[in-house]
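Colleague: Once you've had a glance at the structure underneath, I'll fire off some questions.
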Amino acid sequence: MDKIIMKNMAFFARHGVMEEEKRLGQKFYVDATLYLGLGEAGETDDLSKTAHYGLVYEKIKYQVENKRYDLIEALAENICSEILQNFDAVQAVKIQVRKPQAPVEGMFDYMAVEMTRERV
């Protein structure tokens, strides 16, 4: 299966369980891998034969910036659903949501969730 890879998309949002997270917000980073056949798009140079990653980006941005979730698990699940519902060519999607400023005492790069969902 071929892939479209969208790496390190950065957004500012207010997801989290803690009141400070909801009030102050923080950066979130999202990676998306879309699994689909790209042979026909490559052969024909036709945008309609693939998933328009600019439109996929807008769907991800909307979920991150305009919705509110306590858990990054819920954010990732809803991003997966949004992509599968709106882009018929995509057969599966893998989403990673990273939260570099998670309210955890200690030193770390980020806390993250990653999930893969397939079209049924």
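Colleague: Name the residues in the range 61-101 that are part of a loop (DSSP other than H, G, I, E, B) and either without any contact (Cβ under 8 Å) to a residue 24 or more places away in the chain or among the basic types (Lys, Arg) (or both), would you?
Modeller: So in the range 61-101, the residues part of a loop (DSSP other than H, G, I, E, B) come out as 67-71, 87-91, 100-101.
Within the range 61-101, Lys67, Arg68, Asp88 meet the criteria.
Colleague: Just give me the residues in the range 59-87 being closer than 18 Å to Arg98 by Cα and either of a type in the set (D, E, K, R) or modelled with pLDDT under 95 (or both), in sequence order.
Modeller: Of everything in the range 59-87, those that are closer than 18 Å to Arg98 by Cα and either of a type in the set (D, E, K, R) or modelled with pLDDT under 95 (or both) turn out to be Lys59, Lys61, Glu65, Lys67, Arg68, Asp70, Glu73, Glu77.
Colleague: Test Glu21 against the stated conditions and say whether it is more than 16 Å from the chain's Cα centre (by Cα), at pLDDT below 95 and at negative phi. If you could, list the steps in order and put the result at the bottom.
Modeller: On the way: more than 16 Å from the chain's Cα centre (by Cα): yes; at pLDDT below 95: yes; at negative phi: yes.
Considered against the rule, which asks whether it is more than 16 Å from the chain's Cα centre (by Cα), at pLDDT below 95 and at negative phi, Glu21 comes out as yes.
Colleague: Looking only at the range 34-46, decide whether some residue is modelled with pLDDT under 95 and surrounded by fewer than 12 Cβ atoms within 10 Å (Cβ to Cβ). Outline the logic, then answer.
Modeller: Kept after step one, since they are modelled with pLDDT under 95, are these residues of the range 34-46: none.
Taking every residue of the range 34-46 in turn, none turns out to be modelled with pLDDT under 95 and surrounded by fewer than 12 Cβ atoms within 10 Å (Cβ to Cβ).
Colleague: Same structure again: Which number in (1) over 16 Å from the mean Cα position of the chain (by Cα); (2) surrounded by 12 or more Cβ atoms within 10 Å (Cβ to Cβ) marks the one condition that Val97 misses?
Modeller: (1)
Colleague: Please determine whether any residue of the range 42-53 is within 26 Å of Met1 (Cβ to Cβ), among the acidic types (Asp, Glu) and within 15 Å of the chain's Cα centre (by Cα). It would help to see each step written out before you state the result.
Modeller: Step one: filter the range 42-53 for residues within 26 Å of Met1 (Cβ to Cβ), giving 42-53.
Now restrict to residues that are among the acidic types (Asp, Glu): 43, 45-46.
Filter once more, keeping what is within 15 Å of the chain's Cα centre (by Cα): none.
Within the range 42-53, none of the residues are within 26 Å of Met1 (Cβ to Cβ), among the acidic types (Asp, Glu) and within 15 Å of the chain's Cα centre (by Cα).
The values are calculated or read from the model by the stated rules, or taken from the named source; none is laboratory data. Note that the structure is a prediction, hence the values are computed from the model and not measured. Every residue, glycine among them, receives a Cβ derived from its backbone with ideal geometry; neighbour counts consider all protein chains shown.
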